[in-house]
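A short reminder: the numbers here are calculations on the coordinates, not readings from a lab. Since the structure is predicted, the reported quantities are computational estimates derived from the model, not experimental observations. Counting neighbours? That spans all protein chains shown, and the Cβs are built from the backbone with ideal geometry, glycine included.
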C-alpha cells in the first residue's frame with residue numbers, strides 16, 4: 001500500500017518544538033507509522049466532531065496531532081497543522097449509560113422521582 | 001469596539017450550580033452508605049448540573065467561534081487558550097475524586113439501580129463539561145495555527161512521504177535544536 005503524503009505546516013513544526021523531548025520523539029514515531037499505514041489501530045485516526053475537516057491521531061495518552069485531509073494532483077495529502085494536549089474523556093462516558101432523570105408532581109400522586117436507564121429497559125419510580 | 005476585549009472567555013460566567021460539590025459528594029460518596037432511594041432534592045440538583053453543562057457547552061462554542069473569527073493576535077489566542085486549559089484542569093481535578101467507580105450500598109436492588117443511574121448521569125455530564133472546555137481551547141489553538149501558517153506562507157513547503165523521510169526531517173530538526181541550545 002502506498003505511503004501517505006504529509007505536509008508539515010509551520011504551525012505543526014512550531015507546536016512540535018514547544019513539546020518536551022520525549023513527546024517530540026513520540027510525534028515523530030507516530031508520523032512514521034501514519035505515513036506507512038503501519039499502526040492505524042493505535043493511532044486511531046478520527047474526524048474531530050464539531051470541526052470542519054479536522055482529523056486527529058493519537059500520539060500518547062494526553063496528546064493528539066491534528067491534520068486536514070485534502071486532495072491534489074498527486075492524490076491525497078495530509079496537512080499536519082497542530083499537535084497538543086488533548087485528554088480523552090470517552091472512558092468516563094463509557095462508564096455512563098444513557099439515563100434521564102426527571103421529577104414530576106401531581107396533586108393525586110404526590111412527587112414522583114423517575115430515573116430512566118438506557119434503551120428504556122428499566123424505569124424505576126418512587127412516590128412520596 | 002469589540003465586545004470581546006482581550007479575548008477573555010466570558011462563558012465562565014455561566015455559574016456552576018452552588019451545590020454541585022455536595023451533589024457529587026452525595027451521589028458518589030454518601031450513596032456508598034445510603035440505604036434508601038436518592039431523594040428528590042438530589043435528583044433536582046443533578047438536573048440543574050445537567051442544564052448547566054448544556055448551557056456551558058453552547059456558550060463556549062459560540063464564544064470561541066466568535067473569538068476565532070475576530071482574533072488574529074497570536075498572544076491573545078494563546079492567553080485565551082491557556083485560560084481554558086486552566087479551567088479544564090481545575091474542573092478535572094475537582095471532578096476526579098468522584099467519578100471513579102463507587103458502588104451504592106442500598107440493599108434494595110431498585111434503590112441501588114437508581115443511585116447507579118444518577119452516578120452515570122453525572123459521569124456523562126462531567127465528561128461533556130470537560131470536553132466542552134477542551135474543544136473550545138482546541139478551536140483557539142487551531143486559529144492560532146492558521147495565523148502562524150498565513151504569516152509563514154511564502155516559505156518552501158515540506159512534503160514528506162514514508163518513514164525514512166519523516167525520521168530524517170525530525171532527526172535533523174532535533175539536531176538543529178540541540179546545536180542552538
* Report, as an integer, the average count of C-beta atoms from other chains found within 10 Å of each Cβ along B:39-50. => 3
* Structure fact -> The extension gain from residue B:161 to residue B:30, computed as 0.36 nm times the residue separation minus the Cα-Cα distance, is 41.5 nm
* Label-to-label distance, nm, for residues given as residue A:51 and residue B:55 (7 Å Cα→Cβ offset) -> 2.8
* To do: Please give the average number of partner chain Cβ atoms lying within 10 Å of the Cβ of each residue in B:112-121, rounded to a whole number.
  => 6
* Theoretical FRET efficiency, 1/(1+(r/R0)^6), r = Cβ-Cβ of residue B:78 and residue B:40, R0 51 Å, to 0.05 -> 0.65
* Asked: How many Cβ atoms of partner chains, on average, are near each residue of A:30-39 if near means within 10 Å of its Cβ?
  -> 3
* **Point-to-point label distance, residue A:14-residue B:69, nm (Cα→Cβ direction, 7 Å offset)** => 2.3
* Residue list for region A:22-63, given a label point 7 angstrom along the Cα-to-Cβ vector of residue B:173 and an amide N cut-off under 11 Å -> A:24-25, A:27-29, A:31
* Find how many whole Å separate the alpha carbon centroid of region B:54-97 from the alpha carbon centroid of region A:1-46. => 26
